[in-house]
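*Asks:* Once you've had a glance at the structure underneath, I'll fire off some questions.
The values are calculated or read from the model by the stated rules, or taken from the named source; none is laboratory data. Given the structure is predicted, the values throughout are model-derived calculations rather than measurements. All Cβ positions, glycine included, derive from the backbone under ideal geometry; neighbour counts span all protein chains shown. Remember, those area values only see protein heavy atoms, side chains included, never the ligands or the DNA or RNA. Shrake-Rupley method; radii C 1.70, N 1.55, O 1.52, S 1.80 Å.
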Amino acid sequence: MRTIKSPGRSRHDAKRALAGKSYARTAATLLLLLLVCASLGFGLPGCGVTPKATSVYIQKNVAVPMRDGVVLRADVRRPSATGKYPVLIFRTPYNKNEGDPYNERTFNDAVKRGYVMVIQDVRGRYASAGEFTAYQNEGKDGYDTIEWAARQSWSDGRVGTFGLSYPGAVQWLAAVENPPHLKAMVPAMCFSTIGPQFIYFGGVFETAWANWSYIDMSPDTRVRKNLPGPKTIDEAKAEWKRLGGDDAIDGWLPSMDMPYLKDTEPYHYTWLAHSPYDPWWEWGNLRDKYPSVKAAVLNLSGWYDEPYGTEGAITNYLGLLKSRAGAGDKRTKLLVGPWIHGVDATGSTVSGKREFGSTAKIDYDQVVLDWLDHYVKGIDNVVSDWPNVKYYVMGDNTWQSASAWPQAGLKRQTVYLGPGSGSGAKGTIAPKAVTKDGASSFVSDPANPVKDEFGTNFGAFDLRGLADRSDVLTFETEPFKKDESVVGHVGADVYVSTDAPDFDLYLKLIDVAPDGTAYNLESAGHEVVRASYRDKTVARKLVKPGEVVKISYDNLLTGNTFKKGHRLRVYVMGSWFPTYSRNLQTGQLETTSSEMKKATINILYGPTHPSRLVLPVAP
């Protein structure tokens, strides 16, 4: 998606990390990763499992026919030219021949462990025939690929899958189709529902999808269809910049008129045409389909895994548990680290600018293949001893285990927003609501939006400067007198009035250190709600003049210890541009209008309108 001007990371690179991309990592970093053994308390000491050396028999561009006659192409890597083996499948839109070192490592180790690797271009990408429509064909195509693999002469009928983000999503979309031969999967860092919590967030369109479609997807489309324009990713990056970059393209108004994807990626405009809670999105909704999934599932994500990965992993894990309530071995577990998006991130010590040290690392390759060994091959390995839940607590920089999620002993602590003690003072967050009704106000101007200058979908950055903006309200606690760990879903209800028929409201959670460093605790998509979609209905519900509306947040997610002397700060604002679309504040949608107006937004507090947070405080 969009390019972010942050050190060593871009939206484009991170979205390509769906397949495990990392162009900023050096060969030395990869070598270190290969040498590191990181079971890190998840019971994953796979260091003791060294894949035995073996020859590899490779077949290129093998035809895989789909039920509608379209032929997809896959590379097949086998331990030998003869024999039957279990099969692992990796499906990607990013070119099966790209040679990404992180994926290649897993592919090679899988063959050494005695698997056949099937690496496939999805429909309409690179060697595969058909039309590419992002995500929509992956369910049936994934099912057909799994069952095709099970029938081959080199297959023993047992199939597993793995991959991260897009290559993770394809696994879920196939699994809910219930392919009989799928035994296990590791769909890392992906969604639980595609419309409300992947394309949109809190009712707000993630405009950065335009960057992903233009830079990652459209070059291959131009090659396939002989269309004019950039035909390599590097050419697309340069052209994106020449056309004006993120502000000009992601921020194009009306967004349906943005011309640069019309000839190559028309699904972008289909997404814009469907509201976030439109039943049309049901094809990508996993939340009501868990009973159809029979495979063993390892759910893996990070606290900074874009605005959807953390929620996706937790929701999918809990949904599977509920659907398997009567089973002895639920065959699903949850692993949440401090990471940003990407395979390479799981071997990193830092997320954004926040350093965690070596405890943050895991050996992704080892984790994935140990899980598949256990549930595809039936090997009684260390997976038997893994806890149900393993999560990283930032601040403490330690791993914790739990038998359930939320973890036992968690206490819900309600704290309330209130006024500052003087003119221009920060608002308060306190255990008791103020006794007098009041309000703090700011003016939101979509023509001069609050900008994400760092790329907070990809880690923690020092956001202390937001406190100096007149269009951002700041509320914070007193310094904590002892360490306090907040782990899981943070609830929030904020009472608001405004002079506009619609607005977006961001509620950004911050850990403020004694030296003033102010790190965001999650990605921004968790933190926003569009007022007209506050009830999560298909039809919008505009705000009436003088009306007080309650904006509720149910996807604020973190695992953080506020150390003694630190503060919890909340920033309240009306935009986070250009990653997320701007609310025009006229009542019209930005898809069809470009007219904007300023809005005065009032955050209410007191006994009548007790705006509050509910913190999940760990024991």
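*Asks:* Take the residues in region 99-119 that are in contact (Cβ under 8 Å) with a residue 24 or more places away in the chain and assigned to a loop (DSSP other than H, G, I, E, B), then tell me which one is nearest to the chain's Cα centre (by Cα).
*Replies:* Once the filter is applied, the top-ranked residue is Asp100.
*Asks:* Let me ask something additional. Filter region 291-332 down to residues that are out of contact with any strand residue (DSSP E or B) (no Cβ under 6 Å at 6 or more places or on another chain) and of a type in the set (Ser, Thr, Tyr) and give me whichever is farthest from Thr193 (Cα to Cα). Explain how you work it out, then say what you get.
*Replies:* Filtering region 291-332 for residues out of contact with any strand residue (DSSP E or B) (no Cβ under 6 Å at 6 or more places or on another chain) gives 291-294, 305-306, 312, 314-315, 318-319, 321-330.
Imposing the further condition that a residue be of a type in the set (Ser, Thr, Tyr) reduces the set to 292, 315, 323.
Working: Ser292: 15, Thr315: 9, Ser323: 17 Å.
It comes out as Ser323.
*Asks:* Now a separate question. Which condition number does Asn285 fail, the rest of (1) more than 19 Å from the chain's Cα centre (by Cα); (2) open to solvent by 20 Å² or more (accessible area, probe 1.4 Å); (3) under 21 Å from Val170 (Cα atoms); (4) in contact (Cβ under 8 Å) with a residue 24 or more places away in the chain being met?
*Replies:* (1)
*Asks:* Taking the conditions exactly as written (open to solvent by less than 50 Å² (accessible area, probe 1.4 Å), over 28 Å from Lys436 (Cα atoms), at pLDDT 95 or above and among the small types (Gly, Ala, Ser)), does Gly587 satisfy them or not?
*Replies:* Details: open to solvent by less than 50 Å² (accessible area, probe 1.4 Å): yes; over 28 Å from Lys436 (Cα atoms): yes; at pLDDT 95 or above: yes; among the small types (Gly, Ala, Ser): yes.
Judged against the criteria, Gly587 is a match.
*Asks:* Here is a follow-up. Out of the residues in region 132-159 that are over 29 Å from the mean Cα position of the chain (by Cα) and of a type outside the set (A, V, I, L, M, F, W, C), state the one that is surrounded by the most Cβ atoms within 10 Å (Cβ to Cβ).
*Replies:* Per the criteria, the residue is Arg158.
*Asks:* Kindly indicate which of Ser594, Ser581 is surrounded by fewer than 22 Cβ atoms within 10 Å (Cβ to Cβ) and either assigned to a strand (DSSP E or B) or not β-branched (Val, Ile, Thr) (or both).
*Replies:* On the way: Ser581 fails: surrounded by fewer than 22 Cβ atoms within 10 Å (Cβ to Cβ).
Of the residues listed, the single one that is surrounded by fewer than 22 Cβ atoms within 10 Å (Cβ to Cβ) and either assigned to a strand (DSSP E or B) or not β-branched (Val, Ile, Thr) (or both) is Ser594.
*Asks:* May I pose another question? Scan region 150-170 residue by residue and report those that are in contact (Cβ under 8 Å) with a residue 60 or more places away in the chain, in a helix (DSSP H, G or I) and either acidic (Asp, Glu) or closer than 24 Å to Gly114 by Cα (or both).
*Replies:* Ala150, Pro167, Gly168, Val170
*Asks:* So Asp554 fits all but one of (1) out of contact with any Leu (no Cβ under 6 Å at 6 or more places or on another chain); (2) open to solvent by 10 Å² or more (accessible area, probe 1.4 Å); (3) more than 18 Å from Trp303 (Cα to Cα); what number is the exception?
*Replies:* (3)
*Asks:* Oh, and also: So if I check each of Lys536, Lys508, Lys550, which one is in contact (Cβ under 8 Å) with a residue 40 or more places away in the chain and at positive phi?
*Replies:* On the way: Lys508 fails: at positive phi; Lys550 fails: at positive phi.
Exactly one of Lys536, Lys508, Lys550 is in contact (Cβ under 8 Å) with a residue 40 or more places away in the chain and at positive phi, namely Lys536.
*Asks:* Out of all the residues in region 398-414, is one or more assigned to a strand (DSSP E or B), at pLDDT 95 or above and open to solvent by less than 40 Å² (accessible area, probe 1.4 Å)?
*Replies:* Within region 398-414 (the criterion being assigned to a strand (DSSP E or B), at pLDDT 95 or above and open to solvent by less than 40 Å² (accessible area, probe 1.4 Å)), the answer is yes, since at least one residue qualifies.
*Asks:* Follow-up. Would you pick out the residues in region 597-618 that are assigned to a strand (DSSP E or B) and of a type in the set (S, T, N, Q)? Walk me through how you get there before you give the answer.
*Replies:* Pass one, region 597-618, residues assigned to a strand (DSSP E or B): 599-605, 612-617.
The answer is Thr600, Asn602.
*Asks:* Would you be able to tell me the number of residues in region 45-91 that are out of contact with any strand residue (DSSP E or B) (no Cβ under 8 Å at 6 or more places or on another chain), open to solvent by 70 Å² or more (accessible area, probe 1.4 Å) and modelled with pLDDT of 95 or more?
*Replies:* Count: 2.
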